[in-house]
Each structure stands twice: as structure tokens, then as C-alpha cells.
Amino acid sequence: MPNPKGKNGTPSQEWPEDSVLKDAFATYGRENSGTGLSAADQISRLLKEFGVQVGRKKLFEVRKRLCVDSVRKSKNKRSAIETEQHVLDLKEGDVAGGWGVTQVKGRLANRDVLIPRDELRTILHDHFDEEFDHRVVGRKRAEQHRTPLDAMGPWHQEHSDGHEKLAEQGLRMGAGIHLPIYANKDQWSAFLHSLLLMPHVRNAIAIVHYYLDLVEERGFIISVQIITDKGSEVNELHKVHERLRSEAAPEYKLPEFPFGLKQGSTKNTPIESFWRWLRDGEGHSVKQVLQSGSAAGIFLPSDAVHRAVFYWLWPPIVQKGLDVYRAYWNNHTITKSKNKKNPSGSCPNNMLINPTSVNDIARDCSIRVNPATVAELREAYGGQAARDRAYRFVSDEFQMNADLIHEQLGSPELTLKNGWAVFKLMVGKIEELVKSGVDVGLTDA
């Protein structure tokens, strides 16, 4: 047949901006612990996220045109010394020496530094050889029998829990000194929705505002079911979740689809087992550094100035590490296992966004709720004032004064490595103000 327009039978597609597309390819490269998504998964994600349908040949043409980085290309862009320095810079944060080749590779990928596994292993052996022996499992603890977990797909069951290893009993740095963490994790994909430092993880109102914030940040999306431990602080959270789901998704009927479930910690395995990963990663290093300040006499828990500076300085440092760890976790590869009913062999981020790439019958169970209902619930639980209290470690007045002093000191960077050095500088300046009669806001937050 005549073809006066000169077009074949393939309809034209609307591609995203090059910058958006390049960012997407960079994201794909960070996933699966820095190994990156397969070509098939990249093709599937482009269709899922942008509605663009391409074949393998077209995929590589687009990647080449956009100069998308890869392990091979990245190696040619850097000298061996530069690559080595990237590894050494990252390992400064591994005080406990617990990060092996896979963790380091994944963390570097999150910094857009792609390194071949063999080259990375050589660098780590050259500089941290003794750590390989320390990470060898020397004994096997008796484990509780676990049954394989099974869910319909992402957003079916979501696990929520607080972590006490940096709480008062875990830190043992003095009465009332604690940095507890709260987290939410999808069961099916293992995607970590949140990993947040909070002053009051056992306060019911604080947990409600944490959950409402999480719902908002996800575009007013909730899971079908919320699973927690049996603590009294989650009672209101369950009520809020029930209100949101019953209004937005009445098609989920009881008793087949309960609103929530409360389990003992040993049975809330998806979130409890995650805490072990965190403890062996960021958590161990953070705890060592914090306790070193107390052991060296730098931090005096009974001193009001010391306590206030501690809570002004350390939460943002720890939260920054948690944010890095969350990005690492969501891009790391879940080890493939034939015993798992839930998917494995890919990373949580890919499995949440593109569940059918790992299971043809997986179902996206996400529920979009009414923003007006979220706002109404927020007001019912104390409004913005209660929300502010949920996250406040120090008084607003002390925060303002400490920020000003930090700026006067030249705004030294707050890191795990130099935290106690900055702490001493801050304490000295604030003690001068207190002695001169200035009210810096040392009252409890």
C-alpha cells in the first residue's frame, strides 16, 4: 500500500526529557547492590514508569546516546588511585568494620561510583584484610523455626516497629540518653518505607503523627494490612489505619483481610530480622562512636548543657547515616532462595515498583486514601503542635541558639568522625553564655 507520510506501522512514543531519562538509568544502575538491573528489567521499568516500549537494541542505543554510566565505562573514567580513594572515603563510616564487598559495592553505587567486584575485593583486601576474618561466622545461634512468609504483592502487608538498640538500655550512657528508631517495611518486596530517628517511639500520639507523615510522603498511599508488635503505643496507629482503609477500600472485607495484626517480636520477623542487618551495619558503628564519647569523659549525662548539645548534634548525624542505609537497603539484592514464598533475586526498589518482573501473578495492593481524611485525623490527634513535639529533641529556643553558635564556629560539618570534636566546641561556647546569665533554652523539649 502507498505510504505518503513515510511512517511505518509503529506508533510514535512520547519520551521523557533526556535529563529525566538519564536519572532513571542512573537509578537502575544503583539497584541490585550496584550490579544494576538486567536489560529485561530496564525495558520493563521504562514501560512501567514512562509508558515507553522499547526492545533490547533500542535500549542500548538510548543508553549510548545519553552516555549512561556503567561499571565498564566508569572504570575507564577513573585512575586506580581515584577508585581506591572512593573506597577509603566510604569505609571511614564503617567504624565497626562490618561492611563486606557486597555492602561496599552497593553503598558506592548509591554515590554513583560503580566499581567492578573483583577490583573492589582487591582494594578491600589491601587495606582491610583483617576484617574478612572477623566477618566469618564462627558460631550458629539457635534459631526459632520460621515459616516462609507469603503476601499477594507489594502493599499487602506492612510491618511497623521501633528499634531500641540505641535507646537508653542499649546505649548505657546515662539516664534518659536515647536515640530510638522507628521503621516501616513492606513484607512482599522488603522495601523499607521509613527509617526515622524519634525521641518518643513509645508514645502513641507521636507514632500516629509519624504514620500520617509517612502516608503523606508516599502520595497518600497505605497498605492493606499493618502489622506491629503488641505494645500499647500502636493502638492508636491501628485505629487510624482502620479509618483510612475502611473509607478508601471497602472492597477488602473482614475476616479475609483484617485491618491489622499485633504479633510478638519473635513473630514479627520481617522487621525484627531487619534490625539485625541495621545493627551489623550502621548501628554497630554509631553505637561504638557514641559510647566512646562517654567512655572518654567528653560527655557527662548529668550536665544539662551536655545533654542539650548531645540532642542537638547527634540526631542529625545518626539520621544522615540512616538515610544512607535505607538507600543501600532498597537497592541491595535480596539473596535468591527457593524456600522463600515472597520474591528474591532482585532489589526491594524494583520489586515494589515493578512486581510482575519477579512474579507474573503479583498484585499491586496499594490503596490511595483521601487527603482530607488524613488532615482531619491529624487535627484529631493534636494537630501541628503535637506533630512538632513528636520529633523535637531540644526546645525551639535551644535549637535557634545552637544553630547560631554553630554558624559562628564556621559551620563545621557534623559527621560520625568529628561529632565529638564539634560537641566539645559547642559545649564550651554555650557554657560561656550560661555563665553570663543568658537563657539558652535548656528546658526539656
Quiz prompt | Where a residue in the range 111-132 is over 16 Å from Arg78 (Cα atoms) and its partner, wherever it lies, is surrounded by 14 or more Cβ atoms within 10 Å (Cβ to Cβ), with Cβ under 6 Å and at least six apart | solution = Arg121/Val101; Glu131/Gly97
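Among the residues of the range 82-97, which ones are at negative phi and at pLDDT 75 or above? Give the steps one after another, and end with the answer.
From the range 82-97, those at negative phi are 82-96; that's our starting set.
Passing the criteria: Glu82, Thr83, Glu84, Gln85, His86, Val87, Leu88, Asp89, Leu90, Lys91, Asp94.
From the list Ser395, Ser366, Ser411, which one is under 27 Å from the mean Cα position of the chain (by Cα) and without any contact (Cβ under 8 Å) to a residue 24 or more places away in the chain? Break it down into steps so the answer makes sense when it comes.
Details: Ser395 fails: without any contact (Cβ under 8 Å) to a residue 24 or more places away in the chain; Ser366 fails: without any contact (Cβ under 8 Å) to a residue 24 or more places away in the chain.
The unique qualifying residue is Ser411.
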Practice problem: Test each condition in (1) at pLDDT below 90; (2) crowded, with 21+ Cβ neighbours inside 10 Å for Asn268 and report the one that comes out false. | Solution: (2)
Self-check item: Members of the range 206-245 that are over 13 Å from Val374 (Cα atoms), more than 19 Å from the chain's Cα centre (by Cα) and not in a loop (DSSP other than H, G, I, E, B)
Solution: Ala206, Gln225, Ser232, Glu233, Val234, Asn235, Glu236, His238
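For the range 392-423, give me each residue that is on the phi > 0 side of the Ramachandran plot and among the acidic types (Asp, Glu). Walk me through it before giving the result.
To start, the set of residues in the range 392-423 that are on the phi > 0 side of the Ramachandran plot comprises 410-411.
The answer is none; no residue qualifies.
If I filter the range 72-81 for residues that are surrounded by 14 or more Cβ atoms within 10 Å (Cβ to Cβ), assigned to a loop (DSSP other than H, G, I, E, B) and in contact with a helix residue (DSSP H, G or I) (Cβ under 9 Å, 6 or more places away or on another chain), do I get at least one hit?
Yes, the range 72-81 has at least one match.
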Exercise. Could you check, for the range 367-387, whether at least one of its residues is loosely packed, with under 13 Cβ neighbours inside 10 Å, in a helix (DSSP H, G or I) and among the acidic types (Asp, Glu)?
Key: yes
Quiz item: Among all residue pairs at least 6 apart or on different chains, which show Cβ distances below 6 Å where the first residue, located in the range 49-73, is touching a residue at least 60 places away in the same chain (Cβ under 8 Å) and farther than 15 Å from Ala26 by Cβ and the second is of a type in the set (S, T, N, Q) and buried (at least 17 other Cβ atoms within 10 Å of the Cβ)?
Solution: none
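Which residue, of Ala327, Ala296, is among the hydrophobic types (A, V, I, L, M, F, W, C) and loosely packed, with under 15 Cβ neighbours inside 10 Å? Please lay out each step first, then the result.
Working: Ala327 fails: loosely packed, with under 15 Cβ neighbours inside 10 Å.
That would be Ala296, the only listed residue that is among the hydrophobic types (A, V, I, L, M, F, W, C) and loosely packed, with under 15 Cβ neighbours inside 10 Å.
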Self-check item: Pair list, Cβ < 9 Å and 6+ apart or interchain, from the range 80-104 residues that are assigned by TED's automatic domain parsing to the domain that holds Thr122 to residues that are among the polar types (S, T, N, Q) and not in a helix (DSSP H, G or I)
Solution: Glu92/Thr415; Gly93/Thr415; Thr102/Ser33; Thr102/Thr333; Gln103/Ser33
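Can you tell me which residue within the range 94-131, out of those that are among the basic types (Lys, Arg) and in a helix (DSSP H, G or I), is farthest from Thr35 (Cα to Cα)? Give the steps one after another, and end with the answer.
First, pick out the residues of the range 94-131 that are among the basic types (Lys, Arg): 105, 107, 111, 117, 121.
Next cut, in a helix (DSSP H, G or I) only: 105, 107, 117, 121.
Working: Lys105: 8, Arg107: 11, Arg117: 9, Arg121: 14 Å.
Here the answer is Arg121.
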Quiz prompt | Of residues in the range 396-429 being assigned to a helix (DSSP H, G or I) and among the small types (Gly, Ala, Ser), the one nearest to Gln291 (Cα to Cα) | solution = Gly419
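In the range 170-200, which residue that is farther than 17 Å from Ser160 by Cα and part of a loop (DSSP other than H, G, I, E, B) is modelled with the lowest pLDDT?
Selected residue: Arg172.
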Self-check item: Some residue of the range 46-57 being among the acidic types (Asp, Glu), at pLDDT 85 or above and over 30 Å from Ala190 (Cβ atoms)
Solution: no
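The values are calculated or read from the model by the stated rules, or taken from the named source; none is laboratory data. Because the structure is predicted, anything quoted here is derived from the model rather than measured. Neighbour counts are summed over all protein chains in view; Cβ atoms, including those assigned to glycine, are modelled from backbone coordinates with ideal geometry.
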